[in-house]
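I have placed the structure first, in the form of structure tokens, so that the comments after it can refer back to it.
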Amino acid sequence: MERTIPIIDISPLLQNTPDKFKVAQGMHEACKNYGFFYITGHGIDPRLEENLENQSRQFFSLPLEEKQKISMQFGGRAWRGFFPLGDELTSGKPDMKEGIYLGAELSPDHPLVQAETPLHGPNLFPENIPGFKETILEWISEITKLGHKLMAGIALSLDLDENYFESIFSPDPLPLFRIFNYPALDKAQVEERGSWGVAEHTDYGVLTILKQDTLGGLEVKSQGEWIQAPPIPGTFVCNIGDMLDRVTGGLYRSNPHRVRSPTNTVDRISFPLFFDPNFNARVNVIEKLNNSNVQDDEASRWDKSSVHAFEGTYGDYLLNKVSKVFPELKRKML
Ligand SMILES: O=C(O)CCC(=O)C(=O)O
Ligand SMILES: [Fe+2]
């Protein structure tokens with residue numbers, strides 16, 4: 001039988017009804033077996049989704065010079081703004097995507113900005129797309145709220161108190177929001193550049209909440225085989241990041257995934273929000289799980305490093321990763 005990623009209706013979790021325990025059970029199975037699940041019943045306004053998609057497409061169809069007006073070069077340590085096709089690397093090779101890096105809008109007097117904490121600060125918004133800034137900020141706010149609810153479900157799925165994970169998000173989580181555009185490639189381009197919009201990797205944080213368009217191309221490695229995560233209307237894709245793999249002693253694995261570039265004439269667009277721990281949080285193993293016989297997968301992992309052996313704060317882990325995906329920027333900014 002073909003293996004497919006489970007779809008979970010999370011409305012009982014949002015409405016806090018007794019069925020939330022069934023939702024948690026579904027999450028437990030999905031996280032153990034796939035590291036991925038789809039959610040429905042998430043309550044996000046379809047008009048907000050539509051605005052986000054339309055305004056993002058407007059942005060990416062602008063000439064490169066226009067997009068470069070909000071280049072990451074101007075984002076400084078906050079690590080925000082636009083990057084052009086081929087600038088981001090996975091395992092040292094350029095991804096076939098362009099995108100915008102976004103996050104919580106922090107003013108210069110915010111303590112973390114005052115302390116010159118990397119990845120914290122103001123966003124760079126395109127000026128000539130009416131409503132785009134408001135849409136982006138509303139999206140970050142709504143999906144961040146959803147992230148907290150999903151983490152309550154994940155805590156229940158591990159037989160923990162619903163608020164268990166709040167300490168690693170305290171005083172605030174680090175929501176890293178990205179909008180990616182994967183240009184359609186023809187045969188010759190695939191031959192020259194390869195077919196990866198994003199090559200195999202795992203996500204770094206706790207939970208990724210991804211809106212994708214209707215084109216597809218996301219693939220997930222599960223029990224050694226690559227399976228599709230096709231778009232399903234009304235859903236988002238959620239997946240486990242390295243930090244949840246770490247705290248569960250590998251019970252919930254951060255599964256490798258990749259994106260195949262579209263080959264028709266339409267570009268694929270996607271919207272991952274990485275719901276990450278506070279930058280200064282220490283992300284410790286959940287003692288109660290007692291899952292100590294984890295098979296470390298360091299040797300077979302895409303980055304040849306272990307999420308279990310690592311020491312330090314989440315910020316340390318993250319900076320080590322982002323400096324590899326944007327080596328040039330790291331040299332200038334950090
Ligand atoms: O674009 C997608 O569907 C997924 C992107 C992704 O895996 C990532 O940015 O970490
Ligand atoms: Fe990813």
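The values are calculated or read from the model by the stated rules, or taken from the named source; none is laboratory data. Keep in mind that what you see is a predicted model, and the values were worked out from it rather than measured. Here the Cβ positions follow ideal geometry from the backbone for every residue, glycine too, while neighbour counts run over all protein chains shown.
Remarks
- Single condition Asp276 does not satisfy, out of (1) among the charged types (D, E, K, R); (2) closer than 24 Å to Ile168 by Cα; (3) within 16 Å of ligand 1 (Cβ to nearest atom); (4) surrounded by fewer than 19 Cβ atoms within 10 Å (Cβ to Cβ): (4)
Residue-wise test of (1) within 22 Å of the chain's Cα centre (by Cα); (2) among the hydroxyl-bearing types (Ser, Thr, Tyr); (3) farther than 17 Å from Leu251 by Cβ; (4) modelled with pLDDT under 75.
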{"residue": "Ile286", "(1), (2), (3), (4)": "no, no, no, no"}
{"residue": "Asn293", "(1), (2), (3), (4)": "no, no, no, yes"}
{"residue": "Trp302", "(1), (2), (3), (4)": "yes, no, yes, no"}
{"residue": "Ser305", "(1), (2), (3), (4)": "yes, yes, yes, no"}
{"residue": "Tyr314", "(1), (2), (3), (4)": "yes, yes, yes, no"}
{"residue": "Tyr317", "(1), (2), (3), (4)": "yes, yes, yes, no"}
{"residue": "Asn320", "(1), (2), (3), (4)": "yes, no, yes, no"}
{"residue": "Phe326", "(1), (2), (3), (4)": "yes, no, yes, no"}
{"residue": "Lys330", "(1), (2), (3), (4)": "yes, no, yes, yes"}
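- Selection within the stretch 208-235 - in contact with a Phe, Trp or Tyr (Cβ under 7 Å, 6 or more places away or on another chain) and more than 12 Å from ligand 1 (Cβ to nearest atom): Ser222, Ile232, Thr235
- One residue stands out among those in the stretch 156-194 that are more than 17 Å from Ile209 (Cβ to Cβ) and within 16 Å of ligand 2 (Cβ to nearest atom): the one that is surrounded by the most Cβ atoms within 10 Å (Cβ to Cβ), which is Tyr182.
For (1) away from ligand 2 (no atom under 16 Å from the Cβ); (2) within 15 Å of the chain's Cα centre (by Cα); (3) of a type in the set (Val, Ile, Thr); (4) more than 17 Å from Thr208 (Cβ to Cβ), each residue gets a yes or a no:
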site: Trp226; (1), (2), (3), (4): no, no, no, yes
site: Thr235; (1), (2), (3), (4): yes, no, yes, no
site: Ser254; (1), (2), (3), (4): no, yes, no, no
site: Arg260; (1), (2), (3), (4): no, no, no, yes
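- Scan of the stretch 190-206 for residues that are more than 12 Å from ligand 1 (Cβ to nearest atom) and either without any contact (Cβ under 8 Å) to a residue 24 or more places away in the chain or within 24 Å of Ala152 (Cα to Cα) (or both), ordered by number: Glu191, Glu192, Val206
- Scanning the stretch 160-177 for residues being in a loop (DSSP other than H, G, I, E, B), touching a residue at least 24 places away in the same chain (Cβ under 8 Å) and out of contact with any Phe, Trp or Tyr (no Cβ under 7 Å at 6 or more places or on another chain) gives a total of 4.
- Test: residue in the stretch 57-72 that is in contact with a His (Cβ under 6 Å, 6 or more places away or on another chain) and free of Cβ contacts under 8 Å to residues at least 60 places away in the same chain: no
- Within the stretch 81-126, the set of residues being in a loop (DSSP other than H, G, I, E, B), out of contact with any Leu (no Cβ under 9 Å at 6 or more places or on another chain) and under 26 Å from Ala281 (Cβ atoms) comprises Glu88, Ser107, Pro108, Asp109, His110, Ala115, Glu116, Thr117.
- So Arg246, is it modelled with pLDDT of 95 or more and more than 15 Å from Pro6 (Cβ to Cβ): no
- Considering the conditions (1) more than 13 Å from the chain's Cα centre (by Cα); (2) surrounded by fewer than 23 Cβ atoms within 10 Å (Cβ to Cβ); (3) modelled with pLDDT of 95 or more; (4) under 20 Å from Leu85 (Cα atoms), Gly217 is excluded by exactly one of them, (2).
- Applying the criterion of being in a loop (DSSP other than H, G, I, E, B) and within 19 Å of the chain's Cα centre (by Cα) to the residues of the stretch 63-80, the residue that is modelled with the highest pLDDT is Arg80.
- Within the stretch 165-196, being under 22 Å from Thr90 (Cα atoms) and of a type in the set (S, T, N, Q) holds for Asn181, Gln189, Ser195.
- Test: residue in the stretch 193-209 that is of a type in the set (A, V, I, L, M) and closer than 22 Å to Leu289 by Cβ: yes
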